[in-house]
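What follows is calculated from the coordinates using simple rules that are stated; it is not laboratory data. Here the structure is a predicted model, which is why all the values come from computation and not from measurement. Note: ideal-geometry Cβ built from the backbone for every residue, glycine included; neighbour counts use all protein chains shown.
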């Protein structure tokens with residue numbers, strides 16, 4: 001498996017924090033965008049370079065990451081589950097009460113919103129799944145992605161639409177073993193919109 005990280009040239013500080021955490025789990029390939037300015041097209045270009053490199057290094061698929069994440073001690077366990085099952089897995093999504101209810105139903109969403117322990121596992125979830133901060137794509141799915149179509153929009157939009165087209169089920173690791181630092185270096189302010197995991201750290205034993 002190859003670990004890829006997309007990043008803006010300017011975000012050296014973010015990469016210095018994130019990459020050492022990921023290197024404990026495999027070889028890391030960094031795809032840089034000039035981000036002048038940052039935007040969907042630059043995200044798409046950097047993502048395409050990363051995924052093409054992963055396709056050339058296709059054994060084990062790819063762990064596609066952005067540059068401003070932290071990983072929990074449970075991350076290795078979740079990654080092993082995704083690899084063994086061979087399923088596309090989001091290790092982080094932008095959580096909100098509405099999205100939690102629509103993805104996981106009342107019992108799980110209530111536990112997360114209350115800060116209660118969540119049984120750990122990979123949960124099948126409907127698209128769209130927000131964010132591409134940390135997504136595992138197995139080799140068979142990676143080979144099918146039409147990367148020539150990754151042009152104008154960010155990678156998370158691309159993954160959602162093309163996986164639906166391919167009939168691939170998406171899974172989400174709960175509780176999220178990845179947290180988003182939501183760095184705005186080289187990016188415009190976004191009005192304080194929360195893009196954080198509500199379930200990070202709510203380990204409740206293996207489901």
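Please say if region 118-177 is rounded, prolate or oblate, where rounded means a/c under 1.5 for a ≥ b ≥ c the square roots of the C-alpha gyration tensor eigenvalues, and otherwise the choice is prolate for a/b larger than b/c and oblate otherwise? Spell out each step's value before the answer.
Numbers: a/c = 2.12, a/b = 1.74, b/c = 1.22.
Note, shape of region 118-177 comes out prolate.
If I model the chain as equal point scatterers sitting on the Cα atoms and use the Debye formula, what is log10 I(q)/I(0) at q = 0.17 Å⁻¹?
-1.21
Mind running the shape call on region 79-201? Use the C-alpha gyration tensor, a ≥ b ≥ c as the square roots of the eigenvalues: rounded below 1.5 for a/c, prolate if a/b tops b/c, oblate otherwise. Mind showing how you got there, number by number?
On the way: a/c = 1.82, a/b = 1.17, b/c = 1.56.
Here region 79-201 falls in the oblate category.
Using only the Cα atoms of region 1-68, build the gyration tensor, take square roots of its eigenvalues as a ≥ b ≥ c, and label the shape rounded, prolate or oblate: rounded if a/c is under 1.5, else prolate if a/b is larger than b/c, else oblate.
On the way: a/c = 2.94, a/b = 1.27, b/c = 2.32.
Judged from the Cα gyration tensor, region 1-68 comes out oblate (a/c at least 1.5, b/c at or above a/b).
Which FRET efficiency, nearest 0.05, do residue 56 and residue 101 yield, Cβ-Cβ r, R0 45 Å?
Values: r = 40 Å, r/R0 = 0.90.
Once the sixth-power term is evaluated, E becomes 0.65.
Angle between the Cα long axis of helix 97-114 and the longest principal axis of the chain, 0 to 90 degrees, nearest 10?
It works out to around 50 degrees.
How high is the relative contact order of region 21-65, in percent, counting Cα pairs under 8 Å that sit 6 or more residues apart? Provide the component values of the computation, followed by the final result.
Values: 20 pairs, mean separation 12.3, N = 45.
Averaging sequence separation for qualifying contacts and normalising by length gives 27 percent for region 21-65.
Give me the extension gain from residue 29 to residue 12: residue separation times 0.36 nm, minus the current Cα-Cα distance, reported in nm with one decimal. Walk me through the numbers on the way to the answer.
Values: separation 17, 0.36 × 17 = 6.12 nm, distance 1.46 nm.
Computed gain between residue 29 and residue 12 is 4.7 nm.
Rg (Å, one decimal) plus Dmax (Å, integer) for the alpha carbons of region 72-111?
12.2, 31
With both bridge residues required to lie in the chain, what share of the DSSP beta bridges run antiparallel, to the nearest 5%?
Values: 14 of 31 bridges.
Expressed as a percentage, antiparallel bridges in the chain total about 45.
Tell me, what is the percent relative contact order of region 2-206, built from C-alpha pairs under 8 Å that lie six or more residues apart? Display every interim value, and only then the final one.
Working: 399 pairs, mean separation 59.9, N = 205.
In percent, rounded to a whole number, it is 29.
Quickly estimate the mean residue ellipticity at 222 nm for the chain, helices only: each DSSP H run with n ≥ 4 gives -39500 (n - 2.57), and the total goes over all residues, rounded to 500.
Per the formula, -11500 deg cm²/dmol.
Using Cα atoms only, what is the angle between the long axis of helix 75-85 and the major principal axis of the chain, expressed in degrees (0 to 90) to the nearest 10?
In the chain, helix 75-85 runs at an angle near 90 degrees to the longest axis.
Just 31, 197, 102 to compare: in a GNM of the chain, with alpha carbon springs under 10 Å, which one fluctuates most?
Greatest mean-square fluctuation among the candidates belongs to 102.
By count of other Cβ within 10 Å, fewest leading, how are 84, 149, 66 ordered?
On the way: 84 8, 149 14, 66 28.
With the sparsest Cβ surroundings first, the list reads 84, 149, 66.
Where does each of 128-139, 103-114 land if you order them by average Cβ count within 10 Å, highest first?
Details: 128-139: 22.9, 103-114: 16.1.
Sorting 128-139, 103-114 by mean packing, highest first, produces 128-139, 103-114.
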